Every structure is written in structure tokens, then in C-alpha cells.
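Notes for the one structure printed next.
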Amino acid sequence: MNRHLTVALMGNPNVGKSTIFNALTNLRQHTGNWAGKTVTIACGTATLEQTEFTLVDLPGTYSLIADSSDEAAARDFVTLAAPDAVIICCDATCLERNLFLVLQVLEVTPRAVVALNLMDEAEQRGLYIDTDRLSRRLGVPVVPCIARDAVGMPELLHAAESVCERTQQLYPVHYLADSVIEELTEQFHLTRFHALRALEDDLSEEFLSARSLTRPDFVRAVRHCRSELNAAGLLSRLSDHLVSSTVLQAEQIASECVTESRPHTVSRLDQLLSRRAIGIPLMLLLLFGILWLTIAGANVPSQLLSDLLFGLEQPLWDALMLLHIPSVLAEALVFGAWRVLATVVSVMLPPMAIFFPLFTLLEDAGLLPRVAFQMDGCFRRAGTCGKQALCMMMGLGCNAVGVTGCRIIRSPREKRIAILTNSFMPCNGRFAPPHKGKLYGAQQHHSWQH
């Protein structure tokens, strides 16, 4: 091999990034921790003619503004490890949403390639994407591909190799603070992305140390720029302005490059569900129906599991006695560990197996985003946001799932509130099992132990 290149793969969750990674590496991969990070990432190798590629599959992220350790690892690898190229995997069926991350990456490095995955599904939905126009608009190669069929994989590696030597200007998202951004980028040789993070006081300690930006002149320059923004009335709403500018740019690019042969129209059902007088009562009715189905429908499988698992107590006891296990240890294993396991599984598993598939149907039907929108005003009055409604609804199935679901909330303060209050939701584990008497009454069957 005459050349070795390191290429990072990043993208939103569930866009086929790992499928692209597997198709490129042919499963020649291993996992490890990037130095100084505890997040596990996958690495693999691929060859193209005389070039060997080391591909790094970064954790899925919606933005380079990190809210979790996974997102921070993806951001820091691109900004600190300086890979030779970055492949940004996008879902062709919802390009506009994916362009937010693309635009942020292009403010860090021009050595990027956009991989448009799921092109077959986009065609089935009547979407036509002008990849040539999209490439000219972004200034980087755009490669249409179908990862599960390995379509477009060689072209993706060719494009990644071709951009490795690029030094052209970074893609400029237009902000009201462009003059202040240019002042920092020119004076301290920062990318536009890092200049923005400096203005928001969101630069990581690793980046500051690596670029020797802890010296007083950088601190003074940032304070001067922030005072200029404050005088212009931009500092207090800087974060919202930066996000909205990037979103508007993504919308504009998508509108220019994506054509729908079957244009989407707002249906009467959408209009009805968007009304608060109808949407909220319907949400409550559907939740009540799901809870009723969960509680009532779990009776039979819970009882079957209870009979099966508690029925194994005597065979387990007999087996331990045949092995001459001390009775004290046998009682701890059978009437302690096994009985607790049998109770938890028979009580918790059936309701969760019913609740979450039904909850997923609501998500697939598009009801949950409408619920978050409808409830946003109510939760805002309590100092949080409408997304917490979704976490609370998941908490009805399992508080642990509801807590992990709080990661969809961007604000750290609102996320902490959602995590703390989710424990007050009555999850399935707190509902008294309808067969409680028989379930826990199984204790009467252990008289044979004596």
C-alpha cells in the first residue's frame, strides 16, 4: 500500500451509518476506546487500489453541540483527532433534518463527503434528490448509496480519497455575527465552528489545551467579541440565533435539491390533531386505552409465567438436595434468588411487552411529536419543555426507560427536571398484579422443603 488514510464516519442515529461501515470494511473491524475517552468506537479497514483506509465509526449524533459523552466523543474526534476525511451519512428520505449536522461539520473541515443512504426508499416515497446540485451547493462530493446492498461503496471511498488534500474555505452559514466570527477565526486561526463555540463559552478543555488557547490574549479577545454582541443585542439570544440560522440554511438547501413527485399535503386528520381541544383529549384517551390493554392483557401471560417459574421451585430444590448442597445455601438460592427472579419476570415482563409495542405504534403514526407540540406551552409554565411529556408517557411503561428517554431534551436543566420527576410516574412495576394472591401465595408450596 502506498497510502494510508483515516476516515471518520458520522451521522444521525438510525441512518444506516453502521451498515455503511460494515459494507466498507467487510466486517474487518475491532472496537476500542479513543485515547482519553471511555466511549467505545468501532474501527475497521478497507482498501481501494493502492490506498488503505482506517474507518472509524463514531457514535450517532444529531449535532456537534454535545449533550452526552457519546456526542462529545464524536465531536472531539472530528475536531481534535483531525481525520484525513469525514464521511457524513444521511438519510435520503429526510435530508433536511440531516443537513443540520452536515452544515456543522463543514464549518469544521472541508474534507468531507456526504453519503446519501436509503436512496431506494426515497424513490419509493416519490422523492428525487438532485445530487449534482446538492454537491455544488455544499461544495463537497455527494454520493448516493444503498448500504444494505453495497451500492455506491467504491464511489464513496473514491470520493473520500479525493477530498483528503482539500484546503478550500469552509462552508459559511450566514449569521448576524459574521464580522465577530471572522475576527476570531483570523486572529487565532480557528474554524468557524470553534469561533462560535468560543462565543458561547462552550469550548472543551481538551481543545483549549491542544490549541494553546488558555492564554490571556484569547480570553480578552473573546470577552471583547461578546461585549460587541451584547451591545448589538445578540448575546442573550445567540444560541437560538445560531441554531435557527443553521436550520433555515438546511431548509433552503433541501427545498432547492429535493423534489417530491407526490407532494405532501396537510390532511384533515393532521389539522384535527393539531388542535388543542381535540389533540390533548385524544392523547389522554389513547393513553388510557393502552394502559387498560396493558393491565388487562398482561393477566394471562403473567399467570402463565408465574405458574411456570414457581413450578420449577421443587425441581430446583430436589436437584440441589441430590447434590448435597447445604440447606441454608439451597434455601437462599431457591426461595431467595429464584423466587425474586420469578416474581419480577412474571410481573414486569408481560406488561412491558404489551405497553412498548403499542407505544411504538403511536410514534409510527406521528402522534407523539404532535403531543409534544401541544403540551409544550403547559410544560413551559413549569419551566420545562413539551418533550418531557414523551418521557413521562414512557415512564408509564418503565421508569428506567423514561429516564433514559430524557436524553432527547437538549437543555441540561430541563433534562435534570425530567429525570427527577419521572420517578413519580406510576410505572407497570408499581401496579399491583391482579393475580397477586396466587403469585405470592406460591410460598405455601414450599412446605416440602422440610
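The values are calculated or read from the model by the stated rules, or taken from the named source; none is laboratory data. Quick caveat, the model's predicted, so the values are computed rather than measured. Backbone-built Cβ (ideal geometry, glycine too); neighbour counts: all protein chains shown. Protein only, heavy atoms only, side chains kept; ligands, DNA and RNA dropped before computing areas. Shrake-Rupley method; radii C 1.70, N 1.55, O 1.52, S 1.80 Å.
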Taking A160 as the residue in question, decide whether it is farther than 24 Å from N26 by Cβ and small (G, A, S).
-> no
Over the stretch 381-425, the set of residues under 24 Å from M352 (Cβ atoms) and not in a helix (DSSP H, G or I) is C398, I409, S423, F424, M425
Here the qualifying pairs (Cβ atoms under 9 Å; residues six or more apart or on different chains; first in the stretch 225-243 and open to solvent by less than 80 Å² (accessible area, probe 1.4 Å); second basic (K, R)) come out as L235/R226; L238/R226
Considering the stretch 162-171, residues that are surrounded by 15 or more Cβ atoms within 10 Å (Cβ to Cβ) and either under 20 Å from T45 (Cα atoms) or among the hydroxyl-bearing types (S, T, Y) (or both), and then whichever is modelled with the highest pLDDT, we arrive at V163
Any hit, the stretch 58-65, residues being part of a strand (DSSP E or B), among the β-branched types (V, I, T) and either surrounded by 17 or more Cβ atoms within 10 Å (Cβ to Cβ) or at pLDDT 90 or above (or both): no
A careful count of residues in the stretch 7-26 that are among the hydrophobic types (A, V, I, L, M, F, W, C) and in contact with a Pro (Cβ under 9 Å, 6 or more places away or on another chain) gives 3
Heads up, the helices (runs of 4 or more DSSP H) in the stretch 84-144 (entirely inside) with at least 2 residues that are in contact (Cβ under 8 Å) with a residue 60 or more places away in the chain and over 17 Å from Y62 (Cα atoms) are 131-138
Taking the stretch 115-126 and keeping only residues that are under 17 Å from E155 (Cα atoms), touching a Ser or Thr at 6+ places or on another chain (Cβ under 8 Å) and either open to solvent by less than 20 Å² (accessible area, probe 1.4 Å) or among the acidic types (D, E) (or both), one is left with L116, N117
Out of curiosity, is P350 assigned to a helix (DSSP H, G or I), within 30 Å of L284 (Cα to Cα) and touching a Pro at 6+ places or on another chain (Cβ under 6 Å)? yes
Log entry, pairs with first residue in the stretch 286-308 being among the aromatic types (F, W, Y), second being open to solvent by less than 60 Å² (accessible area, probe 1.4 Å) and in a helix (DSSP H, G or I), beta carbons closer than 7 Å, six or more apart or on different chains, reads none
Residue count, the stretch 141-159, condition over 25 Å from the mean Cα position of the chain (by Cα) and either aliphatic (A, V, I, L, M) or on the phi > 0 side of the Ramachandran plot (or both), comes to 4
Those residues of the stretch 335-359 that are open to solvent by less than 30 Å² (accessible area, probe 1.4 Å), in contact with a helix residue (DSSP H, G or I) (Cβ under 6 Å, 6 or more places away or on another chain) and hydrophobic (A, V, I, L, M, F, W, C) come to a total of 2
*asked:* Tell me yes or no: at least one residue of the stretch 146-161 is surrounded by fewer than 23 Cβ atoms within 10 Å (Cβ to Cβ), in contact with a Cys (Cβ under 7 Å, 6 or more places away or on another chain) and under 27 Å from I65 (Cα atoms).
replied: no
The condition from (1) surrounded by fewer than 17 Cβ atoms within 10 Å (Cβ to Cβ); (2) touching a Ser or Thr at 6+ places or on another chain (Cβ under 8 Å) that A296 misses is numbered (2)
